[in-house]
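The values are calculated or read from the model by the stated rules, or taken from the named source; none is laboratory data. Please read all numbers here as calculations on a predicted model, not as lab measurements. Ideal geometry is used to build each Cβ from the backbone, glycine not excepted, and the neighbour counts take in all protein chains shown.
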Amino acid sequence: MEEGHEKSFFSVTPSLGTIGGGEINLKKFIKFLCLKNEIDKITIAYPDIQLLKDFWGDIGSAKVEFINYHFDTLTVDKNFLNLNFYRLLRTEKQIVEKKVKKENYDLIFAHAPTDVLILKNFLERTNVIFYSNIPSHVRIWPFKLAIKKYIGKLNNVICVSEFLQNKIKSILPSKKNIYMIHNGVEDINLKSNPPVSVKNIGVVARFEKEKNVILAIRVFRILVKKYGYLSLHLFGDGSKKKAMEDFVTRNEIKNVYFHNFVKNTDEIYSKIDLLVVPSKMEALSLVIIEAMSRNIPVVASNVGGIPEIIKDGYNGLLAEPNVRSFVTKITKIIENPQLISAFAKNYAQTLAQFDIEKKFEDLYKILFDQT
């Protein structure tokens, strides 16, 4: 990059109607960029959804501007057989291309495979971050061919877990610039004392298929029959919310509470004694790191990048994503509350690996020092 040239950043945010770990981490990174004197301008593009307007609207820096796609259909909840999806994708692409061509950004951030398609005309001349899970349908033909064609052209590919990095390397074995930088948390010092027992179980997730929140409800239906004092608190929103509410009502499951999306994570973790992560697929899982920073024990699916955080029996428990396995693991903690404090003793060592300031400095160096 030329000496004295101020740098600009463009982000295509996920086309979701809910907020997840990817959005939260991206927002933190953008706040980090705002503090860099070398950064002149940051543009964030997102769908016309009120939740996202509220989420992005409090960054509070003159460097940041926003554009939206002027429609609120969720392109990430896509049906590839629905022609309307391709129309919306084309509209999104036209809006983004117009802005990028006008401003000539130094760095573009793409979050999902559809975003890479939107940005396909800028892949070779622009430093692009690819930060996302790789859905199972994208790892098979013909989507695998699309990954090779488009993601193979990216200047840099950033992965949030070794799991994701290995998946992309298996598809693009000859590509060199595939980096792994974990997500992180701001405060790696433990914030509170661990709970003494489990009464309130929590799930913090987007209510979408891959997050598998319905599994947590099915597990709780069994547990609450044995331990009537338990309650289940579900924090989030998404397309599966109505189906989950109907399931709870139809099966007359007591003590289940829906809280929608909550910005203040301290408010979430002050309400629960155990975090359950029942996902079918996770690139990493930011909520696990957050829970550990509050001394909250975790039972999570043994999938994706989750085992890079949780070592089973050392700082939490891993379960297979099925009812029997989760019931067994959660029961183990309920009936052996000493495990809560035993896990908590190992959180500090775990969290030291997820210091967000260091992660962002590493990311900044890769992205901007090579432009």
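Among the residues of the range 260-283, those identified as buried (at least 16 other Cβ atoms within 10 Å of the Cβ) and in a strand (DSSP E or B) are L274, L275, V276, V277.
So, in the range 294-323, how many residues would count as being closer than 14 Å to L215 by Cβ and either among the hydroxyl-bearing types (S, T, Y) or without any contact (Cβ under 8 Å) to a residue 12 or more places away in the chain (or both)? Can you show your working first?
Restricting attention to the range 294-323, the residues satisfying the condition of being closer than 14 Å to L215 by Cβ are 299-303, 319-323.
Narrowing further to those that are either among the hydroxyl-bearing types (S, T, Y) or without any contact (Cβ under 8 Å) to a residue 12 or more places away in the chain (or both): 301.
Selection size over the range 294-323: 1.
The single residue among G305, G236 that is under 16 Å from the mean Cα position of the chain (by Cα), modelled with pLDDT under 95 and more than 15 Å from I24 (Cβ to Cβ) turns out to be G305.
A quick yes/no check of all residues on (1) out of contact with any strand residue (DSSP E or B) (no Cβ under 7 Å at 6 or more places or on another chain); (2) assigned to a helix (DSSP H, G or I); (3) not β-branched (V, I, T):
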residue: Y229; (1), (2), (3): yes, no, yes
residue: L232; (1), (2), (3): no, no, yes
residue: G238; (1), (2), (3): yes, no, yes
residue: D246; (1), (2), (3): yes, yes, yes
residue: V287; (1), (2), (3): no, yes, no
residue: V303; (1), (2), (3): yes, no, no
residue: I310; (1), (2), (3): no, no, no
residue: F326; (1), (2), (3): no, yes, yes
residue: I330; (1), (2), (3): no, yes, no
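Looking at D77, D115, just one residue is touching a Ser or Thr at 6+ places or on another chain (Cβ under 7 Å), acidic (D, E) and modelled with pLDDT under 80, and that residue is D77.
Evaluate the range 40-49: report whether one residue or more is modelled with pLDDT of 85 or more, in contact with a strand residue (DSSP E or B) (Cβ under 8 Å, 6 or more places away or on another chain) and of a type in the set (D, E). If you could, list the steps in order and put the result at the bottom.
In the first step, residues of the range 40-49 are kept if they are modelled with pLDDT of 85 or more; the result is 40-44.
Add one more test, that the residue is in contact with a strand residue (DSSP E or B) (Cβ under 8 Å, 6 or more places away or on another chain), and what stays is 40-44.
With the extra rule that they be of a type in the set (D, E), the set shrinks to 40.
Among the residues of the range 40-49, at least one is modelled with pLDDT of 85 or more, in contact with a strand residue (DSSP E or B) (Cβ under 8 Å, 6 or more places away or on another chain) and of a type in the set (D, E), which makes the answer yes.
In the set (1) touching a strand residue (DSSP E or B) at 6+ places or on another chain (Cβ under 8 Å); (2) without any contact (Cβ under 8 Å) to a residue 24 or more places away in the chain, K345 fails one condition alone, (1). When I178, I168 are screened for being in contact with a helix residue (DSSP H, G or I) (Cβ under 6 Å, 6 or more places away or on another chain), closer than 27 Å to K211 by Cα and at pLDDT 75 or above, only I178 passes. For the range 151-187, the set of residues classified as more than 19 Å from the chain's Cα centre (by Cα), buried (at least 16 other Cβ atoms within 10 Å of the Cβ) and within 19 Å of E361 (Cβ to Cβ) consists of N156 only. With respect to the conditions (1) touching a strand residue (DSSP E or B) at 6+ places or on another chain (Cβ under 9 Å); (2) closer than 21 Å to P194 by Cβ; (3) modelled with pLDDT under 95; (4) polar (S, T, N, Q), S270 falls short on a single one, namely (1).
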